[in-house]
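The block underneath contains the structure these notes are about, expressed in structure tokens.
Just so it is clear, none of the values below were taken in a lab; they were calculated from the coordinates. This structure is a prediction, so every number in the text was calculated from the model and none was measured. Cβ coordinates were reconstructed from backbone atoms using ideal geometry, including for glycine residues, and neighbour counts include every protein chain displayed.
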Amino acid sequence: MANTKKRRRKKLNARGKAFIGGFCLLVITIAALIIGLESCKAKAPDVSGGIVLETIPVESLEPVVTETEAPTPTPMPCYNMLGSIHSNEAILIDAETGVVLDEKNPDTQAFPASVTKMMTLLIACEQLTDYDEVYPLPREIYDTLYYMDLSTAGYECGENITVNDLLYGLQLRSGAECCLGLANKIAGSEAAFVDMMNARASELGMTGTHFTNCTGLHDANHYSTVRDMATLLRAGLQNDKFREVFSTSQYTSSATINHPGGLTIYSTFSQTMTSMNFEGGTFIGGKTGYTTEAGQCLATAATINGHEYIFVTFGAYRAEGDTSSHLHTVDAINTYQALATELNSGN
């Protein structure tokens, strides 16, 4: 009996030792795991619950090439209306967009005659603001006029006229005394003013133009293109004063001792027609020009269906025996009427 009790105690002691050993091993294992996890946490970056992304330098990225279809260009209208005109050079553009509608030798350099005066007018409108300022025309201007046999608006030497009178005299009657007076007032001399004209032409992109005077007097080095003059007129119409003067057909100057009731002048352009209206539209205004070398030249603007257009022509010469007086005006009327017909037909 005693031996049996001893054997039972040995078995219990063995089981207890085994249990204690296993329990200790388990504790050691758990402790090792905890230490390992803490070590990993210490090495891992703090992401605050987010995802860590590696930053790649922009320089190392290669552009992704994608194939896209090229936009289809908007087709330019072509009306082909200038084949039978008298003028050697011509261009018709949309004044509001600058789009060319038809052209004939548009970049041929030719003599612009008094169409030159549009640049003189534009610079004067841009440089002067007091249109009521009085400016007596100096004697040297009239010496030049007499020597060069230039046309005048009718103002007399020393007459106390206003800047406004000069602007309208320049545009409506193509008065050379007005051009020279404005040039002297603005720049001190015609030569200095011509520098301003050429600089302004460059700013406008008139690459085929070079001026030597402010009146349009013939000179071999004084030339332009109809494209350039259309560009000039388009810029001018965006100036309120230029537009006002350009679109006037009749003007009465301020009263002076020489002209107590003022001097009434009429547009050389409007006088070539019975009306400023044509079939399908209305002329806004125009600047004529003529020399023997240049032929008849004309720059006009007109409205058709509430939209504005510009038409410029150089080099209309009357054939021997031709009794037509104003071939440049005929070209303008016929071209605008043809344009109005095309526009109203929906083509």
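So which pairs qualify, if the first residue must be in the range 226-253 and aromatic (F, W, Y), the second must be surrounded by 21 or more Cβ atoms within 10 Å (Cβ to Cβ) and not in a helix (DSSP H, G or I), the Cβ gap must be under 7 Å, and the two must be at least 6 apart or on different chains?
F246/G285; Y251/I265
Please find, within the range 122-174, the residue that is farthest from the chain's Cα centre (by Cα) out of those that are touching a residue at least 60 places away in the same chain (Cβ under 8 Å), crowded, with 19+ Cβ neighbours inside 10 Å and part of a loop (DSSP other than H, G, I, E, B).
Of everything passing the filter in the range 122-174, E159 is farthest from the chain's Cα centre (by Cα).
Inside the range 197-213, can you point out the residues that are part of a loop (DSSP other than H, G, I, E, B) and more than 19 Å from L298 (Cβ to Cβ)? Quick ask: steps written out before the conclusion?
Narrowing the range 197-213 to residues part of a loop (DSSP other than H, G, I, E, B): 204-209, 211-213.
Of everything in the range 197-213, those that are part of a loop (DSSP other than H, G, I, E, B) and more than 19 Å from L298 (Cβ to Cβ) turn out to be L204, G205, T207, T212, N213.
Just the residues that are touching a residue at least 60 places away in the same chain (Cβ under 8 Å) and within 23 Å of Y146 (Cβ to Cβ), please, taken from the range 187-222.
Matches in the range 187-222: F193, F211, N213, C214, T215, G216, L217, H218, H222.
Spot the failing condition for G315; the list is (1) of a type in the set (G, A, S); (2) within 17 Å of S114 (Cβ to Cβ); (3) touching a Leu at 6+ places or on another chain (Cβ under 9 Å), and only one is missed.
(3)
Go through the range 214-228 and give me each residue that's closer than 24 Å to L172 by Cβ and either β-branched (V, I, T) or buried (at least 23 other Cβ atoms within 10 Å of the Cβ) (or both).
Within the range 214-228, C214, T215, G216, S224, V226, D228 meet the criteria.
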